[in-house]
Amino acid sequence: MFREEPGAIRLFLLGMAILIPAVWLDTSLTGSDEYRVTFRTALETAASDDWTTPTLDQEPRLRKPPLYYWWLATSVRWLGSSPISLRIWGIISAIGLALVAASIGKRSTGTSAAFIFVMLIGTVGIATESRRAMLDVPMAFLLWLSIERGLKWRTDGGAIRAIAAGVLMALSTLIKPTAILFGVTAMISLFLLGPKRSPHAKLHHLLYMLVALLLVALPWWYLVYQQYPELLKGRWTEQIAHRELTWFHPEALPSLLGGMLGLVLPWSISSIFALITFSRKKAAGLENHERWMVLWVILSALPFLTMKTFERYLIPLLPVMTILTATYLQDLEPPRRIRHLRTATILAGIPCLLIAAFVGWFDTSLLAAVLIAFFWLLMWWSAGHGRILSCALCSSAQLAIVMGIGLPSIGIGAIPTIPTICEGTRFATVKVDLLPTLALRQQQAIPILETDRESMSRHLPAEKSTLFVMDSHLQATEAALHSLGRSSKSVATFGLFRSRKIFTRFPRPDATGEDWLLAIQSRSLDRLRIPCTLLLVEAREDR
C-alpha cells in the first residue's frame with residue numbers, strides 16, 4: 001500500500017481518520033465507568049477552586065490517582081464541556097501509543113513501522129478503549145514512552161534517558177498505579193533477554209531512574225494521606241477487596257486469555273503462533289530480539305492470575321503483542337501468511353459482519369452495512385494475495401465504520417427532544433444515570449435521585465426541576481414527590497437505549513426472547529426501548 005515507510009505525521013493523520021469518527025456524538029461508544037465516573041469527576045473538578053484532589057459526588061476521588069482527571073478538567077476549562085473535549089485525549093494517546101510501538105518494533109525487530117502502526121490501531125482493544133474517556137490508553141501511552149526511553153538507555157546509554165524513563169513511569173502511575181507492574185516486568189525482561197547493554201549504560205543510572213520515579217510519583221499520595229488518612233486506607237482496602245487477591249484464581253485463566261486474545265482481535269490466532277515461535281531459542285550465532293518481549297508478556301500476565309481483572313487492564317500488553325504478530329507475519333512464507341491473514345479476516349468478520357447485518361436489517365444505517373461488507377470482502381481478497389498492510393487497513397476501516405457509523409446509528413444514549421417548558425430548570429434522573437452525555441450538555445453533574453422520601457427531600461433541587469424517569473420508577477417517584485408536597489406533571493414521554501456495563505446490553509432489561517423475535521419480524525427496535533417520562537416538578541413553595 002505504501003511504497004516507502006510513511007512518516008509520523010502521515011501515520012498520525014491516518015490514525016485520526018480511523019479512530020475519531022463519531023466520538024463527538026451522544027450515541028458514540030460509551031460505558032458506565034465513563035459517564036458515571038470520568039465525566040462526573042472531570043466536571044466536578046473543573047468547577048472546583050481546589051484541584052489538589054479530584055472529587056466525585058463531592059467526595060475525594062481516591063480510588064485512582066489524579067493526573068488524567070486534572071488533564072480532563074483542564075480540557076473542560078479550555079475547550080468546553082462536550083464528548084469530544086473529553087474523548088479526544090484517549091484517541092491522541094492511542095495514536096501516540098501506536099507510533100511509539102511502531103518505533104520500538106522497527107528498531108528492535110526490523111519490522112515495518114507501518115505494519116505495526118496500522119495493525120495496532122485496527123485491533124478491537126484500541127478501536128473500543130481509545131474512543132472512551134478512560135484511564136487505560138493514556139496510562140499505556142506514558143508507560144510505553146518510559147519503556148522506549150529505557151530501551152534507548154540500554155542500547156545507547158545516557159543518564160538523561162534513564163531519568164526520563166523514571167519520570168514518564170511516574171506519570172503513568174499517576175494515571176493508574178498498575179503501570180508500575182508493567183514497567184518493572186519490562187525492565188526485568190530487558191535485563192534478562194534484551195539487547196546487549198551499552199558500556200555507556202551505567203548501572204548507577206538506574207538509581208537516578210528510581211529517584212526520579214519516586215520524586216514525581218509520591219508527593220501527591222503523601223499529601224492525600226496527610227489530608228484523608230482514614231478515607232485513603234478505606235478506599236485502598238476496598239480496592240484490594242474488589243480485586244479478590246489470592247494465590248491463584250483458576251477462573252482467572254480463561255478470563256486472562258480471553259481478554260488478551262479479544263483485545264488483539266483480529267490477530268488473535270496469529271499472536272498465539274507468534275508467542276510460541278519467538279519463545280524458542282534461535283540457532284547459535286543468531287539473535288532473537290523478540291524473546292524479551294515474550295518474557296515481558298508472560299511476566300506481566302502472571303499477576304493477573306491472582307486477582308479478579310478486566311480486559312482493559314491488559315491494554316499495555318496490546319502493543320507488544322502486535323509487534324510480535326507483525327514480525328511473525330512478515331517473516332512467514334507466502335502460503336502460511338495467506339492462511340493466517342484469511343483466519344484474521346474470518347475473525348474480523350465475526351463482530352463486524354454481525355453488526356452490519358444488525359444495522360442493515362433494522363435499517364438504522366444501510367450505508368454502514370454496505371461499507372463493512374465491502375471492506376471485509378476487500379480484506380479477504382488482500383489476504384489471498386498475502387498483503388499484510390492491506391489487510392490491516394481493511395480491518396481498521398471495518399472497525400472505524402462499526403464504531404463511527406454503525407453503532408451510533410442505533411441511538412444508544414441519544415438525548416430526547418426536551419420541551420421548551422423545561423428550559424432553565426434543573427435536571428435530575430431517578431435511580432440510574434439514564435443519559436450519558438446530558439451532564440456534559442449541562443456542564444455539571446446531573447443528580448441521581450432515589451425514590452424514598454428522605455433521600456428525595458435531601459437531593460431534589462429546591463428550584464423548578466425536570467426529572468428523567470424510567471416508567472418502572474414513575475409511580476414511586478410521583479409518590480415521593482407527593483409526600484414532599486412537590487407538584488409535578490408529565491410533559492413528555494420517550495423511549496431510549498441505555499448502555500449497561502457493555503454497549504451490547506442496550507435494550508430494556510426485561511426484554512424477552514419473544515420481544516426480540518417480534519422486533520426482528522417487524523424490523524423495528526422500538527419495542528425494545530426503555531419507556532421513560534419527563535416530569536416537570538414545581539419549585540418548593542417555601543423557597
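In segment 18-42, what residues are among the hydroxyl-bearing types (Ser, Thr, Tyr) and within 14 Å of the chain's Cα centre (by Cα)?
28, 30, 32, 35, 38
Only one of 93, 81 is among the polar types (S, T, N, Q), assigned to a helix (DSSP H, G or I) and in the same structural domain as residue 172 (by TED's automatic domain parsing); which?
93
Tell me which of these residue 402 doesn't satisfy, since it passes every other one: (1) surrounded by fewer than 18 Cβ atoms within 10 Å (Cβ to Cβ); (2) assigned to a helix (DSSP H, G or I).
(1)
How about segment 451-464: which of its residues are part of a helix (DSSP H, G or I) and hydroxyl-bearing (Ser, Thr, Tyr)?
Passing the criteria: 455, 457.
Of 74, 53, which residue is touching a strand residue (DSSP E or B) at 6+ places or on another chain (Cβ under 8 Å), in the same structural domain as residue 220 (by TED's automatic domain parsing) and surrounded by fewer than 21 Cβ atoms within 10 Å (Cβ to Cβ)?
Just a single option satisfies the conditions, and that option is 53.
For residue 75, which of the numbered conditions (1) in a loop (DSSP other than H, G, I, E, B); (2) among the hydroxyl-bearing types (Ser, Thr, Tyr); (3) in contact with a helix residue (DSSP H, G or I) (Cβ under 8 Å, 6 or more places away or on another chain) fails to hold?
Going through the list (1) in a loop (DSSP other than H, G, I, E, B); (2) among the hydroxyl-bearing types (Ser, Thr, Tyr); (3) in contact with a helix residue (DSSP H, G or I) (Cβ under 8 Å, 6 or more places away or on another chain), residue 75 breaks only (1).
So is residue 29 in a loop (DSSP other than H, G, I, E, B), touching a residue at least 60 places away in the same chain (Cβ under 8 Å) and buried (at least 21 other Cβ atoms within 10 Å of the Cβ) or not?
Spelling it out, residue 29 is indeed in a loop (DSSP other than H, G, I, E, B), touching a residue at least 60 places away in the same chain (Cβ under 8 Å) and buried (at least 21 other Cβ atoms within 10 Å of the Cβ).
Where in segment 465-543 are there strands (runs of 3 or more DSSP E), lying wholly inside it, with at least 1 residues that are farther than 30 Å from residue 312 by Cβ, aromatic (Phe, Trp, Tyr) and touching a Pro at 6+ places or on another chain (Cβ under 8 Å)?
Hits in segment 465-543: 488-496.
Among the residues of segment 438-456, which ones are loosely packed, with under 14 Cβ neighbours inside 10 Å and farther than 22 Å from residue 30 by Cβ?
452, 454, 455 - these are the residues of segment 438-456 that are loosely packed, with under 14 Cβ neighbours inside 10 Å and farther than 22 Å from residue 30 by Cβ.
When you go through (1) at pLDDT 85 or above; (2) farther than 24 Å from residue 509 by Cβ one by one for residue 444, which number turns out not to apply?
Going through the list (1) at pLDDT 85 or above; (2) farther than 24 Å from residue 509 by Cβ, residue 444 breaks only (1).
Let me spell it out: the conditions are (1) touching a Phe, Trp or Tyr at 6+ places or on another chain (Cβ under 8 Å); (2) crowded, with 18+ Cβ neighbours inside 10 Å, and residue 416 meets all of them except one. Which number is the exception?
The failed condition is (2).
Just to be sure before I move on: is residue 373 out of contact with any Phe, Trp or Tyr (no Cβ under 8 Å at 6 or more places or on another chain), of a type outside the set (Phe, Trp, Tyr), modelled with pLDDT of 95 or more and under 27 Å from residue 42 (Cβ atoms) in the structure I sent?
no
What are the residue pairs meeting all of these: first residue in segment 427-443, first residue at positive phi, second residue in a helix (DSSP H, G or I) and crowded, with 23+ Cβ neighbours inside 10 Å, Cβ atoms under 6 Å, and 6 or more apart or on different chains?
none
With of a type in the set (Gly, Ala, Ser) and either surrounded by fewer than 22 Cβ atoms within 10 Å (Cβ to Cβ) or part of a loop (DSSP other than H, G, I, E, B) (or both) as the only criterion, which of 348, 326, 301 stands out?
From the options 348, 326, 301, the qualifying one is 301.
Kindly indicate which of 260, 209 is surrounded by 15 or more Cβ atoms within 10 Å (Cβ to Cβ), modelled with pLDDT under 90 and of a type outside the set (D, E, K, R).
260
For segment 479-499, state whether one or more residues are under 30 Å from residue 134 (Cα atoms) and at pLDDT below 90.
Yes: one or more hits.
Can you pull out the residues in segment 51-67 that are in contact with a Ser or Thr (Cβ under 8 Å, 6 or more places away or on another chain) and either outside any loop (DSSP other than H, G, I, E, B) or among the aromatic types (Phe, Trp, Tyr) (or both)?
Correct list: 51, 55, 56, 60.
Of the residues 196, 202, which is assigned by TED's automatic domain parsing to the domain that holds residue 65, surrounded by 16 or more Cβ atoms within 10 Å (Cβ to Cβ) and at pLDDT below 95?
202
For segment 109-185, list the helices (runs of 4 or more DSSP H) that sit wholly inside it and hold at least 1 residues that are among the hydroxyl-bearing types (Ser, Thr, Tyr) and surrounded by fewer than 24 Cβ atoms within 10 Å (Cβ to Cβ); which are they?
In segment 109-185, the matching helices (runs of 4 or more DSSP H) lie at 124-129, 136-156.
Test residue 383 against the stated conditions and say whether it is touching a Cys at 6+ places or on another chain (Cβ under 6 Å) and either surrounded by fewer than 23 Cβ atoms within 10 Å (Cβ to Cβ) or farther than 26 Å from residue 27 by Cα (or both).
yes
Residue by residue through segment 94-108, note down the ones that are crowded, with 24+ Cβ neighbours inside 10 Å, within 27 Å of residue 40 (Cβ to Cβ) and more than 11 Å from the chain's Cα centre (by Cα).
Of everything in segment 94-108, those that are crowded, with 24+ Cβ neighbours inside 10 Å, within 27 Å of residue 40 (Cβ to Cβ) and more than 11 Å from the chain's Cα centre (by Cα) turn out to be 95, 97.
Of the residues 379, 403, 307, which single one is within 30 Å of residue 468 (Cβ to Cβ) and in contact with a Leu (Cβ under 9 Å, 6 or more places away or on another chain)?
403
Spot the failing condition for residue 389; the list is (1) within 18 Å of residue 339 (Cα to Cα); (2) within 26 Å of the chain's Cα centre (by Cα); (3) modelled with pLDDT of 95 or more, and only one is missed.
(3)
The values are calculated or read from the model by the stated rules, or taken from the named source; none is laboratory data. Owing to the predicted nature of the structure, the values given are computational and were not obtained by experimental measurement. Note that we place each Cβ from the backbone using ideal geometry, even for glycine, and neighbour counts take in every protein chain shown.
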